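Only one structure is covered here, and it is reproduced in the block below.
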Amino acid sequence: MLTFTIRRLLLAIPTLLFISLVIFLLVDFAPGSPMSQIPLTVPPEVRLKIIEAMGANEPIFVRYLLWLKQFFYVEPLVLIDSIFGSSYSQGMQRIVSWQSRSPVMDIIVERMPQTLTVVGSAYVIGVIIAVPIGIYSAYRQYSWFDQLGTFIAMIGFSVPTFFTGVVLILVFSVNLGWFPSIYNTSLKVTDWDSFMLQVKQMAMPVAVLALYNASQISRYMRSSMLDNLAQDYVRTARAKGMSERVVVLKHVLRNSLIPVVTVIALGIPTIFGGAIITEQVFKVNGLGALLINAIQGSDLPMVQTLTFIFAVLIVMFNLIADVLYGMLDPRIRYD
Amino acid sequence: MTDTSVIEKPRSQWADVWSQFKTHKGAVAALTVFVLLILFVTIGPFIWTVDPSYINPNGAEMIRTRNKPPSWQFPLGTDQLGRDMLARMMKGGQVSIAVGMVAMLISIFLGTLVGVTAGYFKRLDGPLMRLTDLFLALPLLPLLLVMVMLFRDPLARAMGPESGTFLLIVFAIGVTSWMQAARIVRGEVLALKEREFVLAARSIGTPSRRMILRHILPNVVSPIMVSATLGIASAIITESALSFLGLGFPPDFPTWGRLLFDGVDYIQQYPERVIWPGVAISLTVLSVNYIGDGLRDALDPRIRGR
C-alpha cells in the first residue's frame, strides 16, 4: 500500500508538470496577448519598458522555468517564513499579478476563506442529505419515495446552477426578502446577530450547490446500495436472524460506502469549478470571482497560477480517492 | 405437438430497443418534450416571422415598445431594446441546441477514436490512456474560460463574430469532453476482443481496418449512443454557463444562456425574462437526460425483453 502511494505520488509529478506546461503554453501562445492591450498612444520605448517590467520579453521557456521555480520553490519558502517568522525567501522574486502588482499567492490566500466556507459547507450538507436519501431509495426501490428522489435528482443535475441560483434570488430575496442576494465578504462573525447574518447570506449559495452535489451523490449511493442488497451475504445475514436494521445499516451500508467515499473525494475538486458560477451569481468574493476577474483583465500570472492550483487539487484528490479505495476495500490491493 | 404458427416473426434489434424504450414512461415523455422543443426552434421561426434582432429605427417608437409585458403582438413581451422575446427565444434555442449537437459530435468522434484505438491496439493503450488521464486532470471550466477569452477576438476577426465564436465554443467543448466516452468505449472494445467472433474474423485474415469498422464499431454503438445523449446535455449546460459568465457569444447574438445573462440585470422588474430561457435550458437538459436514461435501459440486453 505504501509503495503504491509512493509510486502514485511520483507519477503525479510528471502529470502536474505536463499540465502546468499545457496551461502555460495555452495562455502564452494565444493571439490575444495582454501586450496588445497597451494603448497605441503609448510611445514605443515606454511600451518596451512596460513589457520588460512585466517580464514578458523573455523567451517562453525562461518564463516557464521561472514560473515553476516561483511556484514550487519561492512560494513554499514564503509560506514557511510566514509560519515560523524566518527569512529564507528574502529578496526572492514572487509571482506577481499584473493587475494589482501584489503577489498572486497573497491575493489567493485572502480569497480562499470565502470559497472554502461556501463550497465546503455546501459539500458537507450535500453529502449529509444524499447518503440517507440514497439508502432509503435503494431499500424501497420503485416506491414513491424512490420515484420522487429520482425525479428530484434528475432536476438537480439537469437544471444549471446559475438558473437555480437566479430563481432562488427571485423568490427569496426579491419577492420574500428573507435573504440578501449579495454575499457580504467584509462581515465579521463576532456575536450571535452577525452569525445569523452570515448564515442568512450563506443560505442561498449553499442551497444551490448542496442540491447539485446531493443529487449526484444520492444516485451513486442508491446504485451502490442496490448492488450490495442483491448479494448473497445479505441473504445469509437475514437467514441468521439479524434484524433488518443491522443488515441494512451495518452490513450493506458499510460495503456500499466504499465506492461512494471515492466518488465524494473525486467530486471535491470539481465543485471548485462549479463554484465559479455560483460565486458569480451571488457575488461571492472568492476564488472563482478572482479567476473571472483575472481572465477579463488578461492577468496572465494570476490565471496560470489559479488554473494550476485547480489542477493540483484534481490530481491530489484523484490520488486520495485511489488510496482510500485500497484502504477501505481489502479485496483491492495494488501491490 | 408443436404448433409452428406461434413462432413470431424475427424482429430486428432496433425494433426490440424501441419497444423497450417505450416502456420507460419518463423517457417517452422526455422524447416528446425534446421533439417539441426542436420543432419550436426550427419550425417556429417560419410561423412567427418576427426578426429577433429588429430594433425599431424610430427612436420614439423603440422607447415605446421597450420592456413590454406579454401581449398579442409580443407573446413573451419585449426586451430593453424593444426586441421580440419569442423570436429571440427561438433564435437562441437554435444556437444552443446546435452547439450541443455539434460539440457532442466532436467529443463522440474523438472519444470513439481514442477508445477504439486504445482498446484495439495494445501498443497504443498505455500512452492513449495516460493522455486521457491527463485530460481528466485538467481543470476544464477555467481552461474553457481561458480559451474563450484568448481566442474569441482573433477568431471573430478572422471568420466573423458569429461563426468564429460558434466554432471556438463548439471546438473547445468537444475537445474537453471526450474522455468519458473514450474510457467506456475502450472497456467495451477490450471485452469484445476476447469474443469468439473476433477470433474467427481474425483467423480468416481480416485486416485491422475492416475488423474495427465491421466487427468492433457496430458492437459498441450502444454505449456510444448513451454517452452521446448525455453529451448533448452537458454541452448545452457548458455553453450556457460560458454565456452566463459573459464569455460566450457576443451580446447581439442570442443564445438561451446569453438571454438569461441579459435578463439577470432586470430581474427585479421583469423576472419572466430570466425564467423563459432558464426553463428552456432546464427542460432541454432534463429531457435529454431522461432520454439517455431510457436509452441505457433499452440498449441493455440484460434488461430488454423482461
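The values are calculated or read from the model by the stated rules, or taken from the named source; none is laboratory data. Nothing here was measured: the structure is a model prediction, and the numbers come from that model. Glycine gets a Cβ as well: all are built from the backbone with ideal geometry, and neighbour counts include every protein chain shown.
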Worksheet item: Of (1) touching a Phe, Trp or Tyr at 6+ places or on another chain (Cβ under 8 Å); (2) more than 21 Å from A:Ile133 (Cα to Cα), A:Thr236 satisfies all except one. Which?
Response: (1)
Item to complete: Considering every residue within the stretch B:80-92, establish whether at least one is surrounded by fewer than 19 Cβ atoms within 10 Å (Cβ to Cβ) and under 30 Å from B:Ala181 (Cα atoms).
Response: no
Worksheet item: Does the stretch A:238-283 hold any residues that are of a type in the set (A, V, I, L, M) and in contact with a Ser or Thr (Cβ under 7 Å, 6 or more places away or on another chain), and which are they?
Response: A:Val260, A:Ala275, A:Ile277
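Based on this model, can you work out whether A:Phe195 counts as buried (at least 18 other Cβ atoms within 10 Å of the Cβ), at pLDDT below 85, in a helix (DSSP H, G or I) and not hydroxyl-bearing (Ser, Thr, Tyr)?
Working: buried (at least 18 other Cβ atoms within 10 Å of the Cβ): no; at pLDDT below 85: yes; in a helix (DSSP H, G or I): yes; not hydroxyl-bearing (Ser, Thr, Tyr): yes.
No: the conditions fail for A:Phe195.
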Discussion item. As an exercise: evaluate B:Leu143 against (1) within 12 Å of chain A (Cβ to nearest Cβ); (2) over 14 Å from B:Ser177 (Cα atoms) and give the number of the one condition it does not meet.
Written reply: (2)
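In the list B:Val102, B:Val189, which residue meets the criterion of being aliphatic (A, V, I, L, M), touching a Phe, Trp or Tyr at 6+ places or on another chain (Cβ under 9 Å), farther than 30 Å from B:Trp72 by Cβ and surrounded by fewer than 22 Cβ atoms within 10 Å (Cβ to Cβ)? Reasoning before the result, please.
Details: B:Val189 fails: surrounded by fewer than 22 Cβ atoms within 10 Å (Cβ to Cβ).
Matching residue, one of B:Val102, B:Val189: B:Val102.
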Worksheet item: Within the stretch B:128-142, is even one residue more than 22 Å from the chain's Cα centre (by Cα), surrounded by fewer than 22 Cβ atoms within 10 Å (Cβ to Cβ) and farther than 20 Å from A:Leu25 by Cβ?
Response: yes
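Quick one: in the stretch B:251-284, of everything that is part of a loop (DSSP other than H, G, I, E, B) and of a type in the set (S, T, N, Q), which residue is nearest to the other protein chains (Cβ to nearest Cβ)? First the steps, then the outcome.
Narrowing the stretch B:251-284 to residues part of a loop (DSSP other than H, G, I, E, B): B:251-255, B:265-271.
Checking the rest, the ones that are also of a type in the set (S, T, N, Q) come to B:255, B:268-269.
Numbers: B:Thr255: 13, B:Gln268: 6, B:Gln269: 10 Å.
Residue satisfying both the conditions and the ranking: B:Gln268.
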Practice prompt. Select, from B:Ala241, B:Ala298, B:Ala280, the only residue that is buried (at least 20 other Cβ atoms within 10 Å of the Cβ) and more than 24 Å from B:Ser177 (Cα to Cα).
Written response: B:Ala298
Worksheet entry | Residues satisfying the stated conditions in the stretch A:202-246, i.e. without any contact (Cβ under 8 Å) to a residue 40 or more places away in the chain and either at positive phi or touching a Gly at 6+ places or on another chain (Cβ under 7 Å) (or both) | A:Gly241
Item to complete: Taking the options A:Leu313, A:Leu306, name whichever one is crowded, with 22+ Cβ neighbours inside 10 Å and within 10 Å of another protein chain (Cβ to nearest Cβ).
Response: A:Leu306
Discussion item. I'm checking my understanding of the structure. Among residues of the stretch A:123-177 that are surrounded by fewer than 17 Cβ atoms within 10 Å (Cβ to Cβ) and within 17 Å of A:Val260 (Cα to Cα), which one is farthest from the chain's Cα centre (by Cα)?
Written reply: A:Pro132
Discussion item. Which of the numbered conditions does A:Ser194 fail, given that it passes all the others? Conditions: (1) touching a residue at least 12 places away in the same chain (Cβ under 8 Å); (2) more than 12 Å from chain B (Cβ to nearest Cβ); (3) of a type in the set (S, T, N, Q).
Written reply: (1)
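Residues B:Gly174, B:Gly111, B:Gly119, B:Gly115: which one is within 21 Å of B:Ala235 (Cβ to Cβ), touching a Lys or Arg at 6+ places or on another chain (Cβ under 6 Å) and crowded, with 20+ Cβ neighbours inside 10 Å? I'd like the intermediate steps shown before the answer.
Working: B:Gly174 fails: touching a Lys or Arg at 6+ places or on another chain (Cβ under 6 Å); B:Gly111 fails: touching a Lys or Arg at 6+ places or on another chain (Cβ under 6 Å); B:Gly119 fails: within 21 Å of B:Ala235 (Cβ to Cβ).
So the residue among B:Gly174, B:Gly111, B:Gly119, B:Gly115 that is within 21 Å of B:Ala235 (Cβ to Cβ), touching a Lys or Arg at 6+ places or on another chain (Cβ under 6 Å) and crowded, with 20+ Cβ neighbours inside 10 Å is B:Gly115.
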Fill in: Count of residues meeting criterion [surrounded by fewer than 19 Cβ atoms within 10 Å (Cβ to Cβ), within 11 Å of chain B (Cβ to nearest Cβ) and either closer than 15 Å to A:Arg7 by Cβ or out of contact with any helix residue (DSSP H, G or I) (no Cβ under 9 Å at 6 or more places or on another chain) (or both)] in the stretch A:316-335
1
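Any residue that is within 30 Å of A:Met302 (Cα to Cα) and either at pLDDT below 80 or away from chain B (no Cβ under 14 Å) (or both) - is there at least one of those in the stretch A:124-144? Steps first, answer last, please.
Kept after step one, since they are within 30 Å of A:Met302 (Cα to Cα), are these residues of the stretch A:124-144: A:124.
Now drop any that are not either at pLDDT below 80 or away from chain B (no Cβ under 14 Å) (or both), which leaves A:124.
Looking for residues that are within 30 Å of A:Met302 (Cα to Cα) and either at pLDDT below 80 or away from chain B (no Cβ under 14 Å) (or both), one finds at least one in the stretch A:124-144, hence yes.
In the set B:Arg152, B:Arg186, B:Arg157, which member is closer than 28 Å to B:Pro127 by Cα and of a type in the set (Lys, Arg)?
Details: B:Arg152 fails: closer than 28 Å to B:Pro127 by Cα; B:Arg157 fails: closer than 28 Å to B:Pro127 by Cα.
Unique residue meeting the criteria: B:Arg186.
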Worksheet item: Is it the case that some residue within the stretch A:1-18 is modelled with pLDDT under 75 and not in a helix (DSSP H, G or I)?
Response: yes
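Looking at A:Leu249, A:Leu291, can you tell me which residue is farther than 22 Å from A:Gly156 by Cα and within 14 Å of chain B (Cβ to nearest Cβ)? Before the answer, list the steps.
On the way: A:Leu249 fails: within 14 Å of chain B (Cβ to nearest Cβ).
Of A:Leu249, A:Leu291, the one residue that is farther than 22 Å from A:Gly156 by Cα and within 14 Å of chain B (Cβ to nearest Cβ) is A:Leu291.
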Worksheet item: In this structure, is A:Arg140 touching a helix residue (DSSP H, G or I) at 6+ places or on another chain (Cβ under 8 Å) and more than 29 Å from B:Ile281 (Cα to Cα)?
Response: yes
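Among the candidates A:Met202, A:Met196, A:Met242, single out the residue that is under 30 Å from B:Leu138 (Cα atoms) and aliphatic (A, V, I, L, M).
On the way: A:Met196 fails: under 30 Å from B:Leu138 (Cα atoms); A:Met242 fails: under 30 Å from B:Leu138 (Cα atoms).
Of A:Met202, A:Met196, A:Met242, the one residue that is under 30 Å from B:Leu138 (Cα atoms) and aliphatic (A, V, I, L, M) is A:Met202.
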Worksheet item: Say we look at the stretch A:162-173 and pick out the residues that are touching a residue at least 60 places away in the same chain (Cβ under 8 Å) and at the interface with chain B (Cβ under 8 Å from one of its Cβ atoms); which of these is nearest to A:Arg219 (Cα to Cα)?
Response: A:Phe162
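Looking at the stretch A:249-259 only, could you name the residues that are out of contact with any helix residue (DSSP H, G or I) (no Cβ under 6 Å at 6 or more places or on another chain) and either under 14 Å from A:Pro132 (Cβ atoms) or of a type in the set (Ser, Thr, Tyr) (or both)? Walk me through it before giving the result.
Just the residues of the stretch A:249-259 that are out of contact with any helix residue (DSSP H, G or I) (no Cβ under 6 Å at 6 or more places or on another chain), to begin with: A:249-250, A:253-254, A:257.
Matches in the stretch A:249-259: A:Leu249, A:Leu253, A:Leu257.
Going by what's in this entry, would A:Ile268 be described as in contact with a helix residue (DSSP H, G or I) (Cβ under 7 Å, 6 or more places away or on another chain) and either modelled with pLDDT of 85 or more or within 14 Å of another protein chain (Cβ to nearest Cβ) (or both)? Walk me through how you get there before you give the answer.
On the way: in contact with a helix residue (DSSP H, G or I) (Cβ under 7 Å, 6 or more places away or on another chain): yes; either modelled with pLDDT of 85 or more or within 14 Å of another protein chain (Cβ to nearest Cβ) (or both): yes.
It is true that A:Ile268 is in contact with a helix residue (DSSP H, G or I) (Cβ under 7 Å, 6 or more places away or on another chain) and either modelled with pLDDT of 85 or more or within 14 Å of another protein chain (Cβ to nearest Cβ) (or both).
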Worksheet item: Does A:Ser173 fit the bill of being assigned to a helix (DSSP H, G or I), touching a Gly at 6+ places or on another chain (Cβ under 6 Å) and not aliphatic (A, V, I, L, M)?
Response: no
